[in-house]
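**Student:** Would you mind keeping the following structure in view while I ask a few things?
The values are calculated or read from the model by the stated rules, or taken from the named source; none is laboratory data. Everything numeric in this text was worked out from a predicted model, so none of it was measured. Ideal geometry is used to build each Cβ from the backbone, glycine not excepted, and the neighbour counts take in all protein chains shown. When the accessible area is computed, the model is the full protein with side chains, heavy atoms only, and any ligands, DNA or RNA have been set aside. Shrake-Rupley method; radii C 1.70, N 1.55, O 1.52, S 1.80 Å.
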Amino acid sequence: MSKKLTARKEDYSKWYNELVVSADLAENSAVRGCMVIKPYGYAIWEKMQAELDRMFKETGHQNAYFPLFVPKSLFEAEEKNAEGFAKECAVVTHYRLKTDPENSSKLIVDPDAKLEEELIVRPTSEAIIWSTYKGWIQSYRDLPILINQWANVVRWEMRTRLFLRTAEFLWQEGHTAHATKQEAIEEAEQMNDVYAKFAENFMAIPVIQGTKTANERFAGAEETYCIEALMQDGKALQAGTSHFLGQNFAKAFDVKFATKEGKLEHVWATSWGVSTRLMGALIMTHSDDQGLVLPPNLAPIQVVIVPIYKGEEQLAQISEVAEQLAADLRKAGVIVKYDNRDTYKPGWKFAQYELQGVPVRIAIGPKDLEKGSVELARRDTLTKEFVSQEDVVEKVKSLMIEIQENLHNRARDYRDSHITEVDTFEEFKEVLKTKGGFISAHWDGSSETELKIKDKTKATIRCIPMGQKREEGKCVFTGNPSTQRVLFAKAY
């Protein structure tokens, strides 16, 4: 086993980086700023994908795929979107290499192979998709279009961190077209709600739904809805966004439809997405100094069975019980692994599965066979108990629910205890310095004030919470009138 992880209290960032690598989730690649997602990490992402994909299809969406490359003329058609992403684009300018005439073992870009028009490697797909929709939409009968794409995107990041911020990452992006403004707004709100339910029910992460300020809004959007989560170091993480795009992209690409009354109108649009950044959220919300802690609903292995034995005869006896138990658990819908490898000792296996966050570990030794019991260990509480072999399946089934709820409740209690109301800027700075978390404070609604607060404290408005009551007050920074509190925090 590798050395113990750095404690979270000692260096949270170092702990995170060590955990991602030690738990075999991902590693840095030979390409600067890009990662290799390893099989165990990808298995978690696949479970996220599967659940989200099911939820998307239940709400009427279909999957499609669009090109990785976007011609520059299309990319710049929607000015706000182009301006927002221009500084982080990777650009293809040539289509061929050739042997270096001065060094036959090297390749150079062929200057004669320059593209007539540069291609942008997609940072997001609104431009290529809306140029496509122009050919798909003629009348109200073609609407709504409800499309999702699972893809990779590139945003050229200078400072990267595995899962949280990489030059290339995996995501899904929904792009929908509607006949009315209200339909599009309802779609954007619905998908933000889907993200919230996924985070709560599968990731066991409590989130706050809200809208972004104009400064934090997606480039080209009229409104951005979001779900915000709180990590164990008191920093916020934007876990998903859904955008009401108005008619901005329809106008940029001249996408019109004939209404029932025979008039020509521009369609209304949304886009929405979550990415492998959710992996970072999952790790930082639940994990501890011993390693990864996974909610059962997303664990690639929910139960691992480890035999403790001396000699082939004992292993054969234990395996008979263990394999039957594994079969019974699988029949009950539990994902189980029986690790009977003889290349590692039980202690190594215990430490490895603890590091990788397997929710339940079952150990079976010769004494357990005599007693007709097994040792059952929970990853979330690090507690152990002996359970009779007859009761194991029912016990594990109930534990899957109990562990899932416990992780959610634990994260919710932490989040709720780290939402602090303040009324003065001195209080604001003190809470930010000593406690962290979300700061609920009045804001006068101006972008200028928001930027000044960010400049002085590095805290941003994470969201304007949805459904909260209006409350008259004074801006925490300017003292100007305010009608509601917003949530500030330092963020990833």
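**Student:** Between 0 and 90 degrees, rounded to the nearest ten: what's the tilt of helix 346-355 against the longest Cα principal axis of the chain?
**Tutor:** With rounding to tens, the tilt is 20 degrees.
**Student:** Further question: Mind scanning 181/452; 9/197; 57/134 and naming the pairs with a C-alpha gap bigger than 28 Å?
**Tutor:** Going by Cα-Cα distance, 181/452; 9/197 fall outside the 28 Å limit.
**Student:** Please list 354-363, 320-329, 259-268, 212-221 highest first by mean number of surrounding beta-carbon atoms within 10 Å per residue.
**Tutor:** In descending order of packing, they fall as 354-363, 212-221, 320-329, 259-268.
**Student:** Once you charge only the Cβ atoms, +1 for Lys and Arg and -1 for Asp and Glu, what is the size of the charge dipole of the range 165-258 about its Cα centre, to the nearest 20 debye?
**Tutor:** On the way: 8 positive and 14 negative charges, 39 e Å.
The dipole of the range 165-258 has a size of about 180 debye.
**Student:** Let me ask something else about it. For each pair in 4/349; 47/435; 47/235, compute the distance between the two Cα atoms and list the pairs where it is over 24 Å.
**Tutor:** Values: 4/349 15 Å; 47/435 34 Å; 47/235 26 Å.
Over 24 Å Cα-Cα: 47/435; 47/235.
**Student:** Kindly flag which residue pairs out of 212/456; 212/474; 38/80; 80/263; 260/469 have an alpha-carbon separation exceeding 31 Å in this structure.
**Tutor:** Beyond 31 Å: 38/80; 260/469.
**Student:** Let me ask another. Nearest 20 debye, what's the magnitude of the dipole of the range 34-76 about its Cα centre given +1 on Lys and Arg Cβ and -1 on Asp and Glu Cβ?
**Tutor:** Here the range 34-76 has a charge dipole of around 120 debye.
**Student:** Okay, moving on. Kindly sort 348, 156 by accessible area of their heavy atoms, largest first, with the probe set to 1.4 Å.
**Tutor:** Details: 348 70, 156 125 Å².
The residues order as 156, 348, largest area first.
**Student:** With a 1.4 Å probe and every protein chain kept in, tell me what percent of the accessible surface of the range 1-153 is carbon plus sulfur.
**Tutor:** About 52 percent, which is the carbon plus sulfur part of the accessible surface.
**Student:** Could you look at the range 347-492 and say what percent of its accessible area is carbon and sulfur, using a 1.4 Å probe and all protein chains?
**Tutor:** That share works out to 49 percent.
**Student:** Now for a different question. Hey, can you rank 13-25, 196-208, 423-435 by average C-beta count inside 10 Å, highest first?
**Tutor:** 196-208, 13-25, 423-435
**Student:** Compute, for residue 344, the solvent-accessible surface of its heavy atoms (probe 1.4 Å) with the complete set of protein chains present, and express it in square angstrom to the nearest 10.
**Tutor:** So the heavy atoms of residue 344 present about 90 Å² to solvent.
**Student:** Suppose we look only past 38 Å in the calculated P(r) of the chain. What percent of the Cα-Cα pairs does that tail hold?
**Tutor:** 37
**Student:** Now, a different point. Could you calculate the FRET efficiency of residue 367 with residue 397 from 1/(1 + (r/R0)^6), where r is the beta carbon distance between them and R0 is 22 Å, rounded to 0.05?
**Tutor:** 0.30
**Student:** Let me ask something else. With all protein chains present and a 1.4 Å probe, how do 53, 416, 455 order by accessible area, largest first?
**Tutor:** 455, 416, 53
**Student:** Still on this structure: Keeping every protein chain present and rolling a 1.4 Å probe, give me the accessible area per residue for the chain in Å².
**Tutor:** Details: 23210 Å² over 492 residues.
Heavy-atom accessible area per residue stands at 47 Å².
**Student:** Quick check: the distance between the Cα centres of the range 281-308 and the range 382-459, to the nearest angstrom?
**Tutor:** 19
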